1. Let me spell it out: the conditions are (1) more than 27 Å from residue 107 (Cα to Cα); (2) in contact with a Phe, Trp or Tyr (Cβ under 7 Å, 6 or more places away or on another chain), and residue 90 meets all of them except one. Which number is the exception?
2. Residue by residue through the stretch 5-35, note down the ones that are over 14 Å from the mean Cα position of the chain (by Cα) and of a type in the set (Phe, Trp, Tyr).
3. So, residue 6, is that one hydroxyl-bearing (Ser, Thr, Tyr), in contact (Cβ under 8 Å) with a residue 24 or more places away in the chain and more than 29 Å from residue 105 (Cβ to Cβ) or not?
4. Looking at (1) outside any helix (DSSP H, G or I); (2) modelled with pLDDT of 95 or more; (3) not acidic (Asp, Glu), can you tell me which one residue 25 breaks?
5. Looking at the stretch 31-43, which of its residues are surrounded by 14 or more Cβ atoms within 10 Å (Cβ to Cβ) and either aromatic (Phe, Trp, Tyr) or within 17 Å of residue 69 (Cα to Cα) (or both)?
6. Anything in the stretch 82-109 that is β-branched (Val, Ile, Thr) and assigned to a helix (DSSP H, G or I)? List them, or say none.
7. When you go through (1) outside any helix (DSSP H, G or I); (2) over 25 Å from residue 90 (Cβ atoms) one by one for residue 52, which number turns out not to apply?
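The values are calculated or read from the model by the stated rules, or taken from the named source; none is laboratory data. No experiment lies behind these values; they were computed from the predicted model shown. Neighbour counts are summed over all protein chains in view; Cβ atoms, including those assigned to glycine, are modelled from backbone coordinates with ideal geometry.
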Amino acid sequence: MTDCDSLFDDANGHLALGELEEAIALYRRCVWLDPEFFDGWHALGLALLKSGETKEAIGCGLQAVTLQPNDLLAWTALSQMYVRDGNIPEAEAAKGNARILSLGGRVAR
């Protein structure tokens, strides 16, 4: 298990206990150590959304779909982030990509 995996597991534990600040700090460390760590970006985005940091959550969500453009959950989460931000056109676009993936298609990137 790498340092990043260990930090990610610890962050998930904090998140499960409702300790958002601790989880966010550890997720940030994960993506700092490994900028290509999809799970870290995805989890960081969701934790930030939960803590009300919507703009930063969107940035993390965009990084996640850039790393794995055919991940259904990443597009769904990004759509939710845009809805929370009030950006309905972008939310609909992300939802459209999620719909394509749910039907077995792929998102061209």
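1. (1)
2. 32, the sole residue that qualifies.
3. In short, no.
4. Residue 25 satisfies every listed condition except (1).
5. Residues satisfying the conditions are 37, 38, 39, 40, 41, 42, 43.
6. 83, 88, 100
7. (2)
Conditions (1) without any contact (Cβ under 8 Å) to a residue 24 or more places away in the chain; (2) more than 24 Å from residue 2 (Cβ to Cβ); (3) among the aliphatic types (A, V, I, L, M); (4) touching a His at 6+ places or on another chain (Cβ under 7 Å), marked per residue:
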{"position": "25", "(1), (2), (3), (4)": "yes, no, yes, no"}
{"position": "32", "(1), (2), (3), (4)": "yes, no, no, no"}
{"position": "49", "(1), (2), (3), (4)": "no, yes, yes, no"}
{"position": "86", "(1), (2), (3), (4)": "yes, yes, no, no"}
{"position": "96", "(1), (2), (3), (4)": "yes, yes, no, no"}
